[in-house]
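Every read-out reported here was derived from the displayed coordinates using simple, explicitly stated rules and does not represent laboratory data. None of these values were measured; they are calculated from a predicted model. So basically every Cβ, Gly included, is an ideal-geometry build from the backbone, and we count neighbours across all protein chains shown.
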Amino acid sequence: MGVAALITWLVTAVGGFVMLGVWISGGGHRPGSTSRLSPGLVFTHFAVAVVGLVLWIAYLVAGTTALAWIAFVLLLPVALVGFTMFARWIGSRRTSTAAESRFPVPVVLGHGLFAATTLVLVLLSALGVAGG
C-alpha cells in the first residue's frame, strides 16, 4: 500500500506541476495580476507537499512508522490549502484573465482525485493496513 501511495502521490505531483506551469506562464505570480491564487498559497502547497513526499520516500526506504505519520500530518495542511485553492479556482473560471482560469479541467479534477486517494493510502499505510 505504501508503494501505491507513492505512485498516486507522484501522479498528483505531475498534475500539480502542470497547473503550476500554467499559472506561472500566465503571470499569476506577478504583482497586479488578476489571479485569485496568492503566491503564498501556491508555493506553500507545493513546498509542504514536496517535503511530505520526501519523507514518504524515506519511510518506504527505512520503514520507520514515525516518518509515515509525519508525512500524513503534513498532507493535512496540503489538502486544506488545496481545497482553498480549488474554491478560488472555481470562482476564477468566470474571470478569463486570471492565470488559473487556463487550468485544464481534467488536470484539476485528476489532481484532486489522486490527492484524496494519496491521503487515504498514506493513512492506511501509517496505520499498518496491508503493510508499508
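Spacing of the modelled spin labels on F86 and A66, each 7 Å from Cα toward Cβ, amounts to 3.3 nm.
At full extension, F43 and V73 could sit 9.0 nm farther apart than now, given 0.36 nm per residue minus the alpha carbon distance.
Per-residue extension of 0.36 nm, minus the Cα-Cα distance of F17 and L113, leaves a gain of 33.0 nm for this segment.
Taking 18 Å as the cut-off, the amide N atoms of the range 29-71 that come nearer than this to a point 7 Å along the Cα-to-beta-carbon line of T97 belong to 29-38. Estimated from the Cβ-Cβ distance and a Förster radius of 35 angstrom, the FRET efficiency linking V105 and A4 is about 0.85. Quick note on the chain: its Rg to Rh ratio, both from C-alpha atoms and Rh being the Kirkwood radius, is 1.03.
Which net charge results for the neighbourhood of R93, defined as the other residues with beta-carbon distances under 12 angstrom from its beta-carbon, given Lys and Arg at +1 and Asp and Glu at -1? Net of charged neighbours comes to +3.
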